[in-house]
Amino acid sequence: MNTLIAEPTLSSSPYFKPAASAFAPTGLDYLGYTPCPLQKELRTQVSRLLQGLRRADGGLSEWEVPIGSGETGQTKDLWRTDDASALPELISDFGNGDFFSTAFRSQWTESGEYAPMGDYQTRPEFREAGFPDPSGLFHVYGALPYVILADLQKLGSRPLPRRWADLLDPRYRGDLIIGGVHERPGEVILYNFHKEFGKEGLTALGRNVKEFWHGAQMAKAAGSGHPDGAALYVLPWFLAINNPHRNRTALVWPEDGLLTVPLYFIGKRNPGPAAKRIADFLAGPGWARMVSRIGFAANPAGGPIPGKLKWLGWDYLATHDWEALREPLGGAFRKGYRP
């Protein structure tokens with residue numbers, strides 16, 4: 001399988017203006033959070049697109065694509081600012097991140113500070129999953145899908161799961177490994193299982209979970225005979241397809257659709273040329289092809305998506321405070337979890 005460019009070929013270090021507040025840097029044209037496998041390539045592409053492009057004040061475009069987990073650095077708490085001028089003209093993020101939080105949306109997207117940027121194309125699979133934002137503010141340009149990877153030897157005579165509900169079946173008791181932190185499932189599992197099966201479903205899931213592993217560890221262990229492994233794993237598609245033991249594993253795409261983490265962007269009203277150029281790039285076929293090459297679902301083009309996609313949806317987002325739910329839902333899971 002092709003891989004993305006390993007290192008940027010052009011300088012990708014943005015210029016930050018002096019801090020005007022605790023939430024520096026201020027006034028970025030673009031702040032681009034994206035999953036780790038895409039970060040260096042996105043830096044490369046943004047550097048090429050904005051090289052020499054000047055702002056209205058005559059200065060060069062200012063931007064940042066954080067590398068790593070994004071937990072540290074100058075942009076970590078930028079979403080908390082009360083100063084509209086400190087917010088980037090264009091922001092890309094993914095999942096239930098800070099810029100998708102209830103607090104950020106209630107303050108800034110409902111105030112009109114951010115506005116629809118254009119009528120971008122959406123492929124049918126993304127429409128069916130419910131990704132288009134009715135308000136037009138958020139544009140989903142990609143998705144990180146999660147699959148079930150089965151170790152056939154450890155599974156034995158038990159059937160492969162066909163739907164996500166099957167992971168609650170007692171036949172898989174203590175034989176499922178997922179991602180998570182602090183004895184709490186990762187958010188793609190936590191919230192989707194809450195939506196579909198309630199707190200009781202999370203407790204049932206907890207009974208079946210053996211351990212929490214990183215997805216890369218799962219992809220390597222499945223089918224290897226690892227003594228601490230399990231019959232079933234839930235992990236990102238881009239990692240699962242690189243499992244080296246294909247003849248001893250089975251990749252399951254559940255009938256009701258792959259759980260997904262959306263990759264999106266949002267832009268200010270009347271964005272400048274740098275923000276508009278990056279938005280058009282993220283929403284276009286070139287970046288979609290790059291994203292799909294490593295196992296992400298891409299919009300509007302890219303490779304085929306071999307099944308349905310599944311997402312929480314805008315109604316769930318509007319009626320639930322994700323931050324407030326995190327700990328209660330984790331507690332429901334831990335009622336069943338016995339490490």
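The values are calculated or read from the model by the stated rules, or taken from the named source; none is laboratory data. Keep in mind the model is a prediction, meaning the values are calculated, not measured. Note that each Cβ is placed from the backbone with ideal geometry, even for glycine, and that neighbours are counted across all protein chains shown.
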*Give segment 262-304 a look and list any residue that's of a type in the set (Val, Ile, Thr), buried (at least 22 other Cβ atoms within 10 Å of the Cβ) and modelled with pLDDT under 95, or say none.*
266, 291
*Considering only segment 94-137, state which residues are at positive phi and either aromatic (Phe, Trp, Tyr) or within 20 Å of the chain's Cα centre (by Cα) (or both).*
95, 130, 136
*So which residues in segment 175-192 are out of contact with any strand residue (DSSP E or B) (no Cβ under 7 Å at 6 or more places or on another chain) and β-branched (Val, Ile, Thr)?*
181
*Hey, residue 331 hits all of (1) modelled with pLDDT of 90 or more; (2) farther than 30 Å from residue 174 by Cβ but one; which does it fall short on?*
(2)
*Pair list, Cβ < 7 Å and 6+ apart or interchain, from segment 161-188 residues that are over 25 Å from residue 325 (Cα atoms) to residues that are loosely packed, with under 14 Cβ neighbours inside 10 Å*: 162/255
_Residues that are surrounded by 21 or more Cβ atoms within 10 Å (Cβ to Cβ), under 15 Å from residue 337 (Cβ atoms) and outside the structural domain of residue 37 (by TED's automatic domain parsing): does segment 215-229 have at least one?_
no
*Mind checking which residues of segment 1-50 are at pLDDT 90 or above, more than 30 Å from residue 241 (Cβ to Cβ) and in a loop (DSSP other than H, G, I, E, B)?*
29
*Quick one: residue 157 ticks every box in (1) touching a residue at least 40 places away in the same chain (Cβ under 8 Å); (2) surrounded by fewer than 21 Cβ atoms within 10 Å (Cβ to Cβ); (3) on the phi < 0 side of the Ramachandran plot bar one, so which box is it?*
(1)
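Taking residue 221, is it within 22 Å of the chain's Cα centre (by Cα), over 16 Å from residue 335 (Cα atoms) and small (Gly, Ala, Ser)? Before you say what the answer is, go through the steps one by one.
Details: within 22 Å of the chain's Cα centre (by Cα): no; over 16 Å from residue 335 (Cα atoms): yes; small (Gly, Ala, Ser): yes.
So residue 221 fails the test.
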*Are any residues in segment 160-179 within 28 Å of residue 94 (Cβ to Cβ) and surrounded by 20 or more Cβ atoms within 10 Å (Cβ to Cβ), and if so, which ones?*
161, 164, 167, 168, 176, 177, 178, 179
